[in-house]
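Read the figures in this text as sums done on the coordinates, not as results from a lab. None of the values given here were measured: they were computed from a predicted structure. Cβ coordinates were reconstructed from backbone atoms using ideal geometry, including for glycine residues, and neighbour counts include every protein chain displayed.
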């Protein structure tokens, strides 16, 4: 009787303990990075500081060599009932933008990689219409590379307002990454895998975001969200300059409600892996310098605890 029971158990064991091969293949991690082999033997420099024309645009972002790591301070998402919440104790990701060295910028530079369901702008300055995308979400691209960890992090720190997070991620890639030369498909070489550039860009955005823990920088100097205590623009700026070495752009709703920050940098090497050199903002703050600036608290029901997962 015992032998029969053991046999039945062993017969069932393979289906319980050994993953299906198709599932194993689906969830395995696939690497995603460009081929920078040719860059190793070439002179490196900080973007926007080169004295000669950049011949290999896979080695340094051009013409968008003024790189902006941008963040939001939002107090709600509008989709709380669907579980779309803000990370407690952290600002959220806006994006990683390739402004030109003179402060101008382009948008939607490669419409073959347009995944934004609601393009903005919908028509470019030259009259080109940006067609809305209606295919699979960019999260499916990431998961196909076995990067559920990346999607999980983005869902915690890269938060949209009034629309699904995945739409925001698609917007940032389509509008900005396609205008960054180091994310061009050609930079991934002959072994390029479809959507590898998308995954690589999202990794680069998060890497840059972790350079600037805005909430912690301000809190360490006693500047914390409050509905009763306001701050001056100079107070906030002094703290940020003291820790980053450069003056970022501070954006205020109605000129008095702190809501956005942009960190400007030149990058030595590729935007993906190079060293960021902070420089002063080229854009004037929209916050009043002679009035109180409010850094409002979030509604508790709009936040969730995620700090335990933060890794620097």
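Just to verify a number: FRET efficiency for residue 246 and residue 42, C-beta to C-beta distance, R0 = 35 Å, to 0.05?
Computed FRET efficiency for residue 246 and residue 42: 0.80.
Output the 0 to 90 degree angle, nearest 10, between the alpha-carbon long axis of helix 148-157 and the longest principal axis computed from the alpha carbons of the chain.
30 degrees
To the nearest 500 deg cm²/dmol, what mean residue ellipticity at 222 nm is calculated for the chain from DSSP H runs of n ≥ 4 alone, each contributing -39,500 (n - 2.57), summed and divided by the residues?
The helix-only estimate for the chain comes to -8500 deg cm²/dmol at 222 nm.
Roughly what % of DSSP beta bridges within the chain run antiparallel, to the nearest 5?
Restricted to the chain, the bridges split so that about 90 percent are antiparallel.
As I understand it, the value is the acute angle between the Cα axis of helix 233-244 and the longest principal axis of the Cα atoms of the chain; what does it come to in degrees, rounded to 10?
Approximately 60 degrees, to the nearest 10.
Just subtract the alpha-carbon distance of residue 152 and residue 53 from 0.36 nm times their residue separation and send over the number in nm, one decimal.
31.7 nm
How far is helix 196-211 tilted off the main Cα axis of the chain, in degrees rounded to 10, range 0 to 90?
Helix 196-211 and the main axis of the chain meet at about 50 degrees.
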